[in-house]
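In what follows, a structure is listed as structure tokens, so that the remarks can point back to it.
The values are calculated or read from the model by the stated rules, or taken from the named source; none is laboratory data. As the structure is a computational prediction, the values presented were derived from the model and not from experiment. Using ideal geometry, Cβ is built from the backbone for each residue, glycine included, and neighbour counts are taken over all protein chains shown.
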There are 2 protein chains.
Amino acid sequence: MSRNRIVDLAEIRSNCKKCSLFQLCMPMGLDDNDLEKLDKIIKRRRPVEKGDYLYRMGDPFHSVYTIRAGSLKTYTTNQNGQEQIIAFHLPGDLIGLDAIQGEIHTCSAKALETISVCEIPFDRLESLSQKIPGLQHHLLKLMSEELQLEHCHMTILARAPVEARLASFLTQLSERFRARGYSATEFNLSMSRNDIANSLGMAVETISRLLSQFQEHGLLQVERKHVQILDMPALVELSNRCGPNAQNTRDSSHGTA
Amino acid sequence: MSRNRIVDLAEIRSNCKKCSLFQLCMPMGLDDNDLEKLDKIIKRRRPVEKGDYLYRMGDPFHSVYTIRAGSLKTYTTNQNGQEQIIAFHLPGDLIGLDAIQGEIHTCSAKALETISVCEIPFDRLESLSQKIPGLQHHLLKLMSEELQLEHCHMTILARAPVEARLASFLTQLSERFRARGYSATEFNLSMSRNDIANSLGMAVETISRLLSQFQEHGLLQVERKHVQILDMPALVELSNRCGPNAQNTRDSSHGTA
DNA sequence: CAGCCCTCTTGATCCAGATCAAAGGCTGGC
DNA sequence: GCCAGCCTTTGATCTGGATCAAGAGGGCTG
């Protein structure tokens, strides 16, 4: 199981200071002393296999997690057992902060592929951030950012036509890849069409149709999980157009507006 | 303008310790010493009139606000000028924390009626919470709670049929009134039907029709802004049923399932 | 007090996108 | 290497809720 992961494990043992994701997950401007303190409270965990849970809705809350590699989804489950995906998370993301209130996880976190994470016991993080002002600010900032992202997502869910939803999903993902030093125009989707549909409040069939349509219109190239964005400005334009008449804006020869 | 508000102003000048909302907006367990420190950084502001802004999207972020009386809505505006309501806020709510990241307000906050608020300069709140562990924890907890509420809202926006959306809105509002010591079954809606529709991702007409329908089914009594809930269990049931066949569950004689 | 405007309600129609159906492709297991 | 099962795509149909339309009621203004 872990035989072919020895290299990963070795890498995982490296400390915060050497971690390439450090700038994403933790505050700039911590001095070496603070860094060491932080490093001490972090537990490196064994990789989590695809489909496994980092935590489940209802679990007691003890730790938050930063993703070192791979991606995962967080989702809630309602009375009828239907799941609703809240967000997808990429390397550098800090997850679990939504469970501080109530001290019970209100989402489940499931790996979309094999992932590795750092576990940070929350009580220790909290007392550490009591001592390190930059850390406290960083935590608040991260939660604030999460709120902003969700506001954006809510806006999309409430009003946007399907084209805008998918375009928005793709451009946002692209932006996040760019921020992590990956290509912004070419990437692999770690989530299924079903997951995309779920997170955007749509049907799988609609996702599939739209991807084909986007490809036809020359916005992107899609082959199974692999996506190459060809016309980013058009996609961005589409994603902003949450109003009426959100059709192809590039080729206006047969546009409706 | 403020001539008929002298009494309010007097009340507003009272300090945190005497404030009836204190338990809602600030952490339990602060000792008198801490309380005084907190009290010192809080500015009491003149009432904000109905329709006025506490802050606007794009404004630089300096302060967070606790609502002392009245209610307001926060909303974002997209490229096309369409607004999307993020949330309604009641007395005791602390708002503005979503602007920490970026230090620019990403929502506008507009009074639904005349409100009074306490303004808390964020930098001072932050350094104070650096000294008072309970305060830091409280801030984190409040943001965590906000995240949870938004997850819930997102779930509703993504999937729920209109009956569930409205039922959920009403039961949540009821719950919040109860938490503030008001009646959970009889209250006035400070927001217009339009605002309700907007926040739930629906059309005004649908809100209107559903309210009539709920009334016909004996779930509630509604007269303009005034609402009296008659069958809370049924409403709760409706609101949980985010799945298919979310019709009247009480009278199963003509149910579809 | 009349008039206007704005919010709300109710009815009729329409359509975006869900659902139903069915046929490929991959992928993982044996 | 082959089979089973899932994921994805594409087409056909259906429907929930939006949109369009038209009053009705309330409240603010002059």
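Observations on the structure shown:
- Scope region A:152-163; condition more than 13 Å from DNA strand D (Cβ to nearest atom) and crowded, with 23+ Cβ neighbours inside 10 Å; matching residues: A:His153, A:Met154, A:Thr155, A:Ile156
- Residue count for region A:191-217, restricted to those that are more than 14 Å from chain B (Cβ to nearest Cβ), away from DNA strand C (no atom under 13 Å from the Cβ) and under 19 Å from the mean Cα position of the chain (by Cα): 1
- Meets criteria (away from every other protein chain (no Cβ under 14 Å), free of Cβ contacts under 8 Å to residues at least 40 places away in the same chain and touching a helix residue (DSSP H, G or I) at 6+ places or on another chain (Cβ under 6 Å)) for A:Asp32: no
- Unique match (being away from DNA strand C (no atom under 16 Å from the Cβ), in contact with a Ser or Thr (Cβ under 6 Å, 6 or more places away or on another chain), part of a helix (DSSP H, G or I) and touching a residue at least 40 places away in the same chain (Cβ under 8 Å)) among A:Leu135, A:Leu142, A:Leu149: A:Leu135
- Some residue of region B:14-32 being modelled with pLDDT of 80 or more, touching a Pro at 6+ places or on another chain (Cβ under 9 Å) and hydrophobic (A, V, I, L, M, F, W, C): no
- In region B:93-110, the residues that are surrounded by 20 or more Cβ atoms within 10 Å (Cβ to Cβ), more than 9 Å from chain A (Cβ to nearest Cβ) and either among the aliphatic types (A, V, I, L, M) or touching a helix residue (DSSP H, G or I) at 6+ places or on another chain (Cβ under 8 Å) (or both): B:Asp93, B:Leu94, B:Ile95, B:Gly96, B:His105, B:Ala109
- Region A:66-87, subset touching a Phe, Trp or Tyr at 6+ places or on another chain (Cβ under 9 Å) and not β-branched (Val, Ile, Thr), residue surrounded by the most Cβ atoms within 10 Å (Cβ to Cβ): A:Leu72
- Summed over region A:93-107, residues that are assigned to a strand (DSSP E or B) and either touching a residue at least 60 places away in the same chain (Cβ under 8 Å) or under 17 Å from the mean Cα position of the chain (by Cα) (or both) total 2.
- Some residue of region B:76-92 being in a loop (DSSP other than H, G, I, E, B), among the hydrophobic types (A, V, I, L, M, F, W, C) and within 13 Å of chain A (Cβ to nearest Cβ): no
- Taken across region A:179-189, residues that are within 15 Å of DNA strand C (Cβ to nearest atom) and over 21 Å from B:Thr76 (Cα atoms) do occur, with at least one present.
- Within region B:119-130, the set of residues being more than 7 Å from chain A (Cβ to nearest Cβ), touching a helix residue (DSSP H, G or I) at 6+ places or on another chain (Cβ under 8 Å) and not small (Gly, Ala, Ser) comprises B:Ile120, B:Pro121, B:Arg124, B:Leu125, B:Leu128.
- Filter result for A:His153 (under 30 Å from B:Gln82 (Cα atoms) and either at pLDDT below 90 or more than 8 Å from chain B (Cβ to nearest Cβ) (or both)): no
- Scanning region B:151-191 for residues that are more than 19 Å from B:Val204 (Cα to Cα) and not assigned by TED's automatic domain parsing to the domain that holds B:Leu235 yields a count of 4.
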